[in-house]
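What follows is one structure encoded as structure tokens, with my remarks underneath.
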Amino acid sequence: MTFVPLLVVVLASTATAGDVPRSGYFGAGINLEPLAVGPMQAFSGGRTAVGISLQASLQVDLGARWAFRLPLEVGVGGSGDATFSEVGVTPGLLYRWRDDASQRWVPYLGGGVKLGAAGAGRELLGLPLVTTVQSLDLDFDDDGDSESDPNFESRLGAFPEVWAGVEWHPNRWFALNLGAAYTYVRVLGRNVHLLHERVGVRFSL
């Protein structure tokens with residue numbers, strides 16, 4: 001992914017919005033979001049798993065409107081063999097419709113590539129359940145003993161993700177981030193569509 005640093009430089013050099021400074025109390029454009037939480041839904045095989053998603057992220061302004069975002073997240077949902085879980089870090093870029101340093105509501109849109117692990121129960125995937133443990137099982141979802149659940153399939157990979165939301169800034173050092181994210185994952189040849197809605201607190205320098 002050697003094109004990413006080049007893309008960042010190009011965007012930073014072209015991301016201007018008049019005399020609007022970067023975000024933050026000192027205009028440094030460094031934003032820390034220690035916690036964002038909200039519901040998660042995974043859709044696959046005509047079934048749905050509902051759960052919770054937690055996220056922490058760092059966002060660095062590349063200009064008045066463009067920013068580099070690095071969230072770390074974990075999510076889990078469902079019950080029985082219709083479960084879904086994920087953990088990953090998602091470097092990406094976002095664009096904010098920002099025209100004023102004191103702007104209260106700032107909508108944004110962006111995306112990145114999630115690097116991490118995802119897993120789904122065979123019932124969620126619409127696949128028949130396995131009744132016997134196979135001799136060769138490469139899953140990494142061990143539950144404490146020496147055997148893994150044959151009805152939970154997991155994988156490592158890179159998954160595309162898009163973001164949309166709005167930031168509410170009562171002042172220049174604090175904000176609430178109301179955001180949604182969509183992630184596309186393939187598990188055992190089946191499509192899994194993952195939707196998060198989160199509310200996060202943000203502190204900006």
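Of the chymotrypsin sites (Phe, Trp or Tyr not before Pro) in region 30-117, the ones in a loop by DSSP (not H, G, I, E or B) with at most 14 other beta carbons within 10 Å are W97.
Neighbours of L178 by Cβ distance under 9 Å: Lys/Arg scored +1, Asp/Glu scored -1, total -1.
Between F174 and L188, the contour length at 0.36 nm per residue exceeds the Cα-Cα span by 0.8 nm. Carbon-plus-sulfur accessible fraction, region 52-104 (probe radius 1.4 Å, protein heavy atoms only): 67%.
Go ahead and collect, in residue order, the members of region 67-97 whose backbone nitrogen is under 14 Å from a label point 7 Å along the Cα-Cβ direction of A56. Zone members listed by number: 70-74, 88-89. Near the amide H of A64, within less than 5 Å, lie the amide hydrogens of A17, all on another chain or at least 5 residues away, with H placed in the peptide plane. Calculated FRET efficiency, L156 and I30, Cβ-Cβ r, R0 30 Å, to nearest 0.05? E between L156 and I30, to the nearest 0.05, is 0.45.
Remark: region 10-105 carries 47 Å² of accessible area per residue (probe radius 1.4 Å; ligands, DNA and RNA excluded).
The values are calculated or read from the model by the stated rules, or taken from the named source; none is laboratory data. All values derive from a computational prediction rather than experimental measurement. For neighbour counting, all protein chains shown are included, and Cβ atoms are generated from backbone atoms with ideal geometry for every residue, glycine included. Note: areas computed on protein heavy atoms with side chains; ligands, DNA, RNA excluded. Shrake-Rupley method; radii C 1.70, N 1.55, O 1.52, S 1.80 Å.
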